[in-house]
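One structure is given here, and the rest of the page talks about it.
The values are calculated or read from the model by the stated rules, or taken from the named source; none is laboratory data. These numbers were taken from a predicted model, which means no experiment stands behind them. When we count neighbours, we look across all protein chains shown, and the Cβ atoms used for this are built from the backbone with ideal geometry, even at glycine.
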Amino acid sequence: MTLRIGTRRSKLALAQANEVAAALRTQGVESELVPMTTSGDRGVDPSTDPAGLKGLFVAEIVRALRDGEIDLAVHSAKDLPAGEDDDLVIAAVPERASPLDVLVTRDGELAPGSRVGTSSVRRRAQVFRWRPDVMVKDLRGNVDTRLRKLADGEAEGIVLAAAGLVRLGVVPEHAAPISIAEMVPAPGQGCLAVQARRGDTATIEAVTPLDHAASRTALEAERGLMARLGGGCALPLGAFAEPAGAGVRLVAIVLTPDGGRSAHAEVEASTAAEAAERAHRELLAGGADEILSSVRP
C-alpha cells in the first residue's frame, strides 16, 4: 500500500510531510507526497472562510482528502480549526517538537525602542506584556522571508516557532527561546496532525503506530480549550498542555491585542477534556469573554 499524503507546498509543510513519510517508512509503509497550493498561500482574504485564516491553509487539502484524491493530510496542528469533522479524524499525532516561541535578533540584543516583527495577535499581545519598552511591527511571510526582512533591517527582532526552525534545519546566529512564563504558545504549536477519513480503517491502522500518547493528550487539551472559546485563528489565545502525574496540566492566557488586559488559567486534571473545561471556566472567571468580545469582528 502506498499512501498519498496531501501537504502545502511551503518548505516547512513539505519538511513536515516528509517527517511523517519517513516515520511511515520505518513501519514498512510506503507513501508519496501530493503538494497542494491553498487559499492561504495565495493570499485570499481570511474573511471569506468561516474558519478564518486557519481554514484558508487547510480547506483545499481537506477537500482532497474527502474526495479520495489523497489518503492522508499532514497539517501543522496550530493551523487546524478547532471544530471536529464527523467524516474526518486526526489519526495520529507524532511526538511533539518544541512548542516554544523563539526571539531572533539581528545582533543579539533587543534595546528599548526596538521593532519586533510578527503578524500574530497572540505574539503581539504577549510581546507588549513581556517587553513594554519595544514596538511591534506587522511582519508577514514564511520563515525565510521573515529572516530576510530581519537581515534587511525591517525589524530588530522577530518571533518564530522553535519547531519550524528545527524542521527546516535553520539555526539563526542570534536566537533565544522564550519561556512559557513569558509567552504561552499557540494551541498545537510544535504538533503535527495526521488526518484521515474516519471510515478508512486500513489507512488509520497504518498510521496508528506514529501516534504519541502524551502529545495527543496535550493537543486534545489545547484544542478543546480553543473550541470552547470559539476557536478561530484571530483569537489572542495561548495554550500549552503537558503531562502532570497521571493527568495533564494546562496553562492558558487570553489577552487584548495591546496586552493591557488578560485572563490567565493554570489547571491540572485527569483527562484532556476535563483540563480544557476547567481552564475555560477559569478564563471566563477572569474576564475572557469580555476580552474576546472586544477583539472579535
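Things to note:
- Test result for ASP49, at pLDDT below 50 and in contact with a Gly (Cβ under 6 Å, 6 or more places away or on another chain): yes
- Among the candidates VAL194, VAL207, VAL184, the residue that is part of a strand (DSSP E or B) and in contact with a strand residue (DSSP E or B) (Cβ under 7 Å, 6 or more places away or on another chain) is uniquely VAL194.
- Pick from segment 67-125, criterion among the polar types (S, T, N, Q) and assigned to a strand (DSSP E or B), ranking: farthest from THR26 (Cα to Cα): THR105
Let's see how each residue does on (1) within 19 Å of the chain's Cα centre (by Cα); (2) of a type outside the set (Phe, Trp, Tyr); (3) farther than 30 Å from MET1 by Cβ; (4) surrounded by 24 or more Cβ atoms within 10 Å (Cβ to Cβ):
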| position | (1), (2), (3), (4) |
| --- | --- |
| PRO185 | yes, yes, yes, yes |
| GLN189 | yes, yes, yes, yes |
| PRO209 | no, yes, no, no |
| THR217 | yes, yes, no, no |
| ARG228 | yes, yes, yes, no |
| ALA252 | yes, yes, yes, yes |
| THR271 | no, yes, yes, no |
| GLU277 | no, yes, yes, no |
| SER294 | no, yes, yes, no |
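- Considering residues of segment 26-46 that are loosely packed, with under 14 Cβ neighbours inside 10 Å and under 24 Å from SER120 (Cα atoms) only, the residue modelled with the lowest pLDDT: ASP45
- If you go through segment 79-104 and keep only what is out of contact with any helix residue (DSSP H, G or I) (no Cβ under 8 Å at 6 or more places or on another chain) and within 30 Å of ASP133 (Cβ to Cβ), you end up with just LEU103.
- Residue match in segment 108-121 (condition: farther than 21 Å from ALA181 by Cβ, in contact with a strand residue (DSSP E or B) (Cβ under 7 Å, 6 or more places away or on another chain), at pLDDT 95 or above and among the hydrophobic types (A, V, I, L, M, F, W, C)): no
- ALA244 of a type in the set (A, V, I, L, M) and crowded, with 24+ Cβ neighbours inside 10 Å: no
- Residue in segment 153-163 that is in a helix (DSSP H, G or I), in contact with a helix residue (DSSP H, G or I) (Cβ under 6 Å, 6 or more places away or on another chain) and either over 16 Å from PRO257 (Cβ atoms) or among the hydrophobic types (A, V, I, L, M, F, W, C) (or both) present: no
- LEU235 meets the stated requirement of being closer than 19 Å to LEU80 by Cα, surrounded by 23 or more Cβ atoms within 10 Å (Cβ to Cβ), in contact with a Lys or Arg (Cβ under 8 Å, 6 or more places away or on another chain) and not assigned by TED's automatic domain parsing to the domain that holds ARG124.
- All conditions in (1) surrounded by 21 or more Cβ atoms within 10 Å (Cβ to Cβ); (2) over 13 Å from the mean Cα position of the chain (by Cα); (3) basic (Lys, Arg) hold for LYS78, with the sole exception of (2).
- Listed by first and then second residue, the pairs with beta-carbon distance under 7 Å, at least 6 apart or on different chains, first residue in segment 226-249 and basic (Lys, Arg), second modelled with pLDDT of 95 or more, are ARG228/ALA276; ARG228/HIS280; ARG249/ALA241; ARG249/GLU242; ARG249/GLU268.
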